[in-house]
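Visitor: Okay, handing you the structure first.
The values are calculated or read from the model by the stated rules, or taken from the named source; none is laboratory data. The structure displayed is predicted, hence computed values, not measured ones. Cβ atoms come from the backbone with ideal geometry, glycine included; neighbour counts cover every protein chain shown.
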């Protein structure tokens, strides 16, 4: 099973221990699914984790932040999307999540963003909230 985690899910995971996003990140680390990402998504994650209000809550050093992102990129499947999509009209920046999911042959996109969740399914890729994806991960296959 492959999934793209939207930046908001990863940020929520590191900020809120015990939350569904945290459970998802822990499940990934244990091999429950393959994380798919892309250079644009990793760059966005770096930018968001560097925002003063988030950096202050995390209290990570710049080195700790870089190690976290490097670990993600080394352990994830990093794809290079070939197709530019224009599916999410309300927030075109969200299309980079879809592009990574398509390029990585993902089964799921996990997001807390209503614009990204709205299509529900795109090219057999299901869009789920963190709570719903955490339930998928705990359901016996």
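Visitor: Name, by its number, the condition in (1) surrounded by fewer than 19 Cβ atoms within 10 Å (Cβ to Cβ); (2) out of contact with any helix residue (DSSP H, G or I) (no Cβ under 6 Å at 6 or more places or on another chain); (3) touching a residue at least 12 places away in the same chain (Cβ under 8 Å) that does not hold for residue 92.
Guide: Evaluating residue 92 over (1) surrounded by fewer than 19 Cβ atoms within 10 Å (Cβ to Cβ); (2) out of contact with any helix residue (DSSP H, G or I) (no Cβ under 6 Å at 6 or more places or on another chain); (3) touching a residue at least 12 places away in the same chain (Cβ under 8 Å) leaves (3) as the failure.
Visitor: Within the range 86-109, is there a residue that is at positive phi and either in a helix (DSSP H, G or I) or under 15 Å from the mean Cα position of the chain (by Cα) (or both)?
Guide: Start the filter on the range 86-109 by keeping residues that are at positive phi, which leaves 105.
Pick out the ones that are also either in a helix (DSSP H, G or I) or under 15 Å from the mean Cα position of the chain (by Cα) (or both) and you get 105.
Scanning the range 86-109 turns up at least one residue that is at positive phi and either in a helix (DSSP H, G or I) or under 15 Å from the mean Cα position of the chain (by Cα) (or both).
Visitor: Please work out which residue is modelled with the lowest pLDDT, limiting yourself to the range 75-108 and to residues that are over 18 Å from residue 43 (Cβ atoms) and in contact with a strand residue (DSSP E or B) (Cβ under 8 Å, 6 or more places away or on another chain).
Guide: 87
A quick yes/no check of all residues on (1) touching a residue at least 24 places away in the same chain (Cβ under 8 Å); (2) under 15 Å from residue 88 (Cα atoms):
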position	(1), (2)
111	yes, yes
117	no, yes
134	yes, no
138	no, no
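Visitor: Would you check which residues across the range 111-138 are within 17 Å of residue 26 (Cα to Cα), surrounded by fewer than 16 Cβ atoms within 10 Å (Cβ to Cβ) and under 16 Å from the mean Cα position of the chain (by Cα) and list them?
Guide: Passing the criteria: 131, 132.
Visitor: Something else about it: Taking the range 52-61 as the region of interest, how many residues are touching a helix residue (DSSP H, G or I) at 6+ places or on another chain (Cβ under 8 Å) and either within 21 Å of residue 130 (Cα to Cα) or assigned to a helix (DSSP H, G or I) (or both)?
Guide: The total comes to 4.
Visitor: Residue by residue through the range 9-25, note down the ones that are within 23 Å of residue 122 (Cα to Cα) and modelled with pLDDT under 95.
Guide: Result: no residue meets the conditions.
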